[in-house]
Structures are given as C-alpha cells and as structure tokens.
C-alpha cells in the first residue's frame, strides 16, 4: 500500500515539474511603467490627455481621444512594454522645424522620463514615433 502511494506521488511530481519550468514567472518579465500622454496643437487645436497605469487601466479625455476609461489587454500591455524599450536613451525635446505650421506636439512620459516631440521635428527618432503610435493604437478612438 505504501509502495503504491509512493509510485503515485512520483508519477504526479514527474508530470508536474516540467510544466513548472516552462512557464514564465512574473518577476522575469519587464513591467509596464506609468504612461502619461498629452497631445496639443494641430489644425483642430486638440488638447488630449491619457494616463495608462502599470496594471493597464487607463483614462482619456480631449477632442480627438474623447472620454474613456478601461483596461488594456495583456497583449496590449506587452506591445507597450516593447514599444518603450530604450526610451531612456531619447533626448528630452524634439522641437518642430521653425517653418512648420499647425504641428502637433506630444509630451509623453514613461516611468521617470518625459520626451516632448513635435510631429514636424526633423530629427524625431523612429523609437519616439513608434512609442507614440503604440500608445495611440491601444487607446479607444472617439
């Protein structure tokens, strides 16, 4: 009887342990930092605000974003984490071309770093543009 119980226990542990090793543990993955998004200007003179918390809950307001609250999916949170990879390496300011008219400016804060960028900046890096577009893509449209 004891031998039978030991064999069952060994069988259960043998089947359970490989599964444990294959799962990602939450501590291994990067976490989303708080995101604050503020878009102003453009032809319509927008003034949009959005906040995304580390747990994926968000609020929006403004002419183009409208008023919304909700929670992002785990896939959307993952997209944002990837989009902000290397964020700390960006300059803090990307001003518009001096001859640009009706440019939009986006002030985007991720974790402890704020980057202010005009869509008419001649030296706007792709990383900054991709992060802004990722935030806009996961938020609901008006």
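The numbers here are math on the coordinates, done by the rules we state, and not lab data. Every value quoted in this text rests on a predicted model; they were computed, and no experiment measured them. Neighbour counts are summed over all protein chains in view; Cβ atoms, including those assigned to glycine, are modelled from backbone coordinates with ideal geometry.
Points to keep in mind about this one:
- Those residues of the stretch 36-54 whose amide nitrogen sits under 20 Å from the label point placed on residue 69, 7 Å along Cα→Cβ: 36-38, 48-54
- Footprinting exposure proxy for 85, 74 (fewest neighbouring C-beta atoms within 10 Å first): 74, 85
- The convex hull around the C-alpha trace of the stretch 27-138, projected and averaged over every direction, spans 6.9 square nanometres.
- This ranking places 99, 38, 68 by how few other beta-carbon atoms lie within 10 Å of each, fewest first, which gives 99, 68, 38.
- 15 Å reach of a label modelled at residue 79, 7 Å along Cα-to-Cβ, counting backbone N of the stretch 120-142: 130-142
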